[in-house]
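Okay, so here's the structure we're looking at.
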């Protein structure tokens with residue numbers, strides 16, 4: 001995840017790829033969510049979940065904040081005519097996520113069900129969403145790289161934004177404040 005975050009955001013800035021920046025931003029939120037799950041699991045053994053609840057709330061707020069930041073960046077880039085460049089390194093990062101995320105999604109879901117751990121099950125859904133975003137990102141980057149169609153980056157960014165917005169709404173809908181951290 002660290003490589004995914006640093007690589008996506010770094011390459012996204014250098015090449016002007018909003019799709020890479022959007023994917024990296026969501027990956028950062030997913031890392032923070034993973035921290036919340038880890039804190040929850042540690043709290044279960046020590047009897048304290050306070051920090052996990054705060055981390056979960058921060059994760060939700062960051063996810064919601066991604067929508068206007070990425071959307072605003074896309075509108076600005078389009079208006080001023082920024083043309084995203086393509087990169088083999090960006091394609092490699094997206095391909096890595098496409099390969100790794102299904103494994104993480106399935107394992108988190110399986111362990112979450114076996115242990116009845118709601119936060120881990122929620123984190124599995126984020127991994128599934130990350131996989132779908134990685135597919136959109138990879139498609140956009142490949143089309144830009146192979147055919148030089150830079151505007152496809154805006155379409156990939158839009159698809160990623162839809163996933164992030166849906167994930168944000170679901171995160172707030174499915175859990176009351178700290179409810180998901182106290183079950184499990």
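Quick notes
- Scanning segment 83-96 for residues that are over 17 Å from residue 18 (Cβ atoms) and in contact (Cβ under 8 Å) with a residue 40 or more places away in the chain turns up 88, 95, 96.
- Unique match (being closer than 20 Å to residue 144 by Cα, touching a helix residue (DSSP H, G or I) at 6+ places or on another chain (Cβ under 8 Å) and in contact (Cβ under 8 Å) with a residue 40 or more places away in the chain) among 36, 118, 74: 74
- Filtering segment 134-149 to residues that are more than 9 Å from residue 101 (Cβ to Cβ), touching a residue at least 12 places away in the same chain (Cβ under 8 Å) and buried (at least 18 other Cβ atoms within 10 Å of the Cβ) leaves 136, 137, 138, 140, 141, 144.
- Any hit, segment 76-92, residues being surrounded by fewer than 16 Cβ atoms within 10 Å (Cβ to Cβ), closer than 16 Å to residue 130 by Cα and at pLDDT 90 or above: yes
- Of all residues in segment 97-115, those that are more than 19 Å from residue 1 (Cα to Cα) and touching a residue at least 12 places away in the same chain (Cβ under 8 Å) total 2.
- Summed over segment 94-123, the residues that are within 15 Å of the chain's Cα centre (by Cα) and crowded, with 22+ Cβ neighbours inside 10 Å give a count of 5.
The values are calculated or read from the model by the stated rules, or taken from the named source; none is laboratory data. These numbers were taken from a predicted model, which means no experiment stands behind them. Glycine gets a Cβ as well: all are built from the backbone with ideal geometry, and neighbour counts include every protein chain shown.
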